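The values are calculated or read from the model by the stated rules, or taken from the named source; none is laboratory data. Given the structure is predicted, the values throughout are model-derived calculations rather than measurements. As a convention, Cβ positions derive from the backbone with ideal geometry for all residues, glycine included, and neighbour counts pool all protein chains shown.
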Amino acid sequence: MLSASKLLFLCLLGIVLLGGVTPSHAAVRRYRHGVKMPRYPWSDGPEFVTQCPISPGMRFSQRIVLSDEEGTLWWHAHSEWYRNSVYGALIILPPRRESYPFPKPHQEVPILLGDWFNGDIQEIMEEFLGSGSDPEVSNSFLINGQPGDLHPCSRQDTFRLRVESGKTYLLRIVNAVMNNIMFFKIANHNVTVVGTDAAYTKRLTSDYIAISPGQTMDLLLVANQRPSHYYMASRAYASGGDFDNTTTTAIIEYAGNYTPPASPALPSFPPFNSTASSHNFTTQLRSLANKKYPVDVPKNISDTLLFTLSINLRPCANDSCEGPFAERLLASVNNVTLQLPRTDFLQAYYRRINGVYTTDFPDNPAFPFNYTQETTIPRDLARPQNGTSVNILDFNATVELVFQGTNLVGGIDHPMHLHGYSFYVVGSGFGNFNRTRDPPNYNLVDPPLMETIAVPRNGWTAIRFKANNPGVWFMHCHFERHVSWGMGMVFIVRDGPGRDEKMLPPPPDMPLC
Ligand SMILES: [Cu+2]
């Protein structure tokens, strides 16, 4: 049920989207990242999954339907690479007359991590998809739209947060970066995580965080150091390949009479390639799991799924591609490279249009192999199938989904994101998931409730959720290059028998393909 404050917020955000705000040649879809949209996939956003593009000049009112979210979410374009610059924070306060399950902060500050490319983002996308290579990397990362002091061209615009000694600040961090998990740190200060993806967590105090594209984190910062200037900074965690190795900064400025340093203190980061630093932080997250904020982890599982996440290669005519071995880079889930249809999945499902998709997305890999062996995996195992297939779940199915990273072409982390749901992250580890050895170690007591979770490089992550939101829901890697290469799939959750268990009808202004 929506609280009064949530209703108010919903009205404030009664956004009318104008296709005309996009470049004149482009069409766009917008997506509220993490809003579950009960029974209403029509405003979910991803192009050719739940809607057709909003053409320039066209209007489409997107309804935001909130349910139990509380904390920070965000919205972004879900079309090609437009999310690089079309994004913002979405803050959901506790119901009126209720408070946070932590001390009330003096001030709340959205901190949006983004990235900057010296070039037209669409051209960059078209270039790498055309050549079959990796995309060029960003030129800098951004905090609230600014690269910070280490980029002298825009030094005067560095984001500054003025703090008063002894006061507590709630930093609402959004990782809107395109292709990197980020480390974030504040010189001389610890932060305390109190929420992720609009769900509260047990307090976790750390001197750094690791945050995936797609994720949000709410952090308490206490201004308890000597009054001075300190950098808050962010840079990539990257387990391999080319990446943007720059650091973005903003400044924490204490109020008071003192002489600020010529240059604020810069935090020291974990090494770029420290998979352990990323994984150790992520695996410490816990749900609040108390009487007021209970967990509801499915215990009896009806659908057990194992999805491999792979980077793939496909030969090109005359060795004309620019990926490894002059082949084309692709990506897949269970060896299926997603081909988006030209009529969206949701429209086809709702209107029973035949021939748009198939219903045979595999529950398990067709060819099991040693997914994470460090020695080179034979290249013929790296050939994916193209597919426009969905996996169908019954209403109220209790689902366990294990994501298994593979070392095909090159093992890398994958921040996996599911639309329409939050899920409990019940376990993760390195190497191949083992159905006998690993489930007894699951956390079914206070697992974190997330909407995006980084599957570690050459490892696995197990999630559980109850399929109680009927509709058509996209699941994909939140590294933009991976989803562009096909690392995504679609769930259709059937209607339930009850009146309130069926998908709602589409709005009258739904764009047509
Ligand atoms: Cu990925």
List, please: which pairs have Cβ atoms under 8 Å, are six or more places apart or on different chains, and start with a residue in the stretch 403-420 that is within 19 Å of Ala276 (Cβ to Cβ) and end with one that is in a loop (DSSP other than H, G, I, E, B) and aliphatic (A, V, I, L, M)?
Gly405/Ile412; Asn407/Ile377; His414/Met487
If we scan the stretch 377-385, do we find a residue that is under 21 Å from the mean Cα position of the chain (by Cα), among the hydrophobic types (A, V, I, L, M, F, W, C) and either within 16 Å of the ligand (Cβ to nearest atom) or within 28 Å of Asp446 (Cα to Cα) (or both)?
no
Counted residues in the stretch 230-277 being closer than 30 Å to Gly323 by Cα and more than 23 Å from the chain's Cα centre (by Cα) come to 0
From the option list Asp500, Asp495, single residue qualifying as more than 12 Å from the ligand (Cβ to nearest atom), assigned to a loop (DSSP other than H, G, I, E, B), over 21 Å from Gly214 (Cα atoms) and not aliphatic (A, V, I, L, M) is Asp495
Yes or no: Thr304 buried (at least 17 other Cβ atoms within 10 Å of the Cβ), among the hydroxyl-bearing types (Ser, Thr, Tyr), out of contact with any Ser or Thr (no Cβ under 8 Å at 6 or more places or on another chain) and closer than 30 Å to Asn364 by Cβ?
no
Quick check on the stretch 406-414. Is at least one of its residues touching a Cys at 6+ places or on another chain (Cβ under 7 Å), assigned to a strand (DSSP E or B), within 16 Å of the ligand (Cβ to nearest atom) and not β-branched (Val, Ile, Thr)?
yes
Can you work out which of the residues in the stretch 313-331 that are of a type in the set (A, V, I, L, M) and within 16 Å of the ligand (Cβ to nearest atom) is surrounded by the fewest Cβ atoms within 10 Å (Cβ to Cβ)?
Leu313
Can you tell me which residue within the stretch 432-473, out of those that are within 14 Å of the ligand (Cβ to nearest atom) and within 28 Å of Phe48 (Cα to Cα), is surrounded by the most Cβ atoms within 10 Å (Cβ to Cβ)?
Ala454
Quick one: how many residues across the stretch 274-312 are more than 16 Å from the ligand (Cβ to nearest atom), part of a strand (DSSP E or B) and under 24 Å from Phe479 (Cα atoms)?
2
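Residue-by-condition table, conditions (1) buried (at least 19 other Cβ atoms within 10 Å of the Cβ); (2) at pLDDT below 95; (3) in contact with a strand residue (DSSP E or B) (Cβ under 6 Å, 6 or more places away or on another chain); (4) not hydroxyl-bearing (Ser, Thr, Tyr):
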{"site": "Ser140", "(1), (2), (3), (4)": "yes, no, yes, no"}
{"site": "Arg160", "(1), (2), (3), (4)": "no, no, yes, yes"}
{"site": "Glu164", "(1), (2), (3), (4)": "no, no, no, yes"}
{"site": "Leu170", "(1), (2), (3), (4)": "yes, no, yes, yes"}
{"site": "Ile173", "(1), (2), (3), (4)": "yes, no, yes, yes"}
{"site": "Ala176", "(1), (2), (3), (4)": "yes, no, yes, yes"}
{"site": "Asn179", "(1), (2), (3), (4)": "yes, no, no, yes"}
{"site": "Phe183", "(1), (2), (3), (4)": "yes, no, yes, yes"}
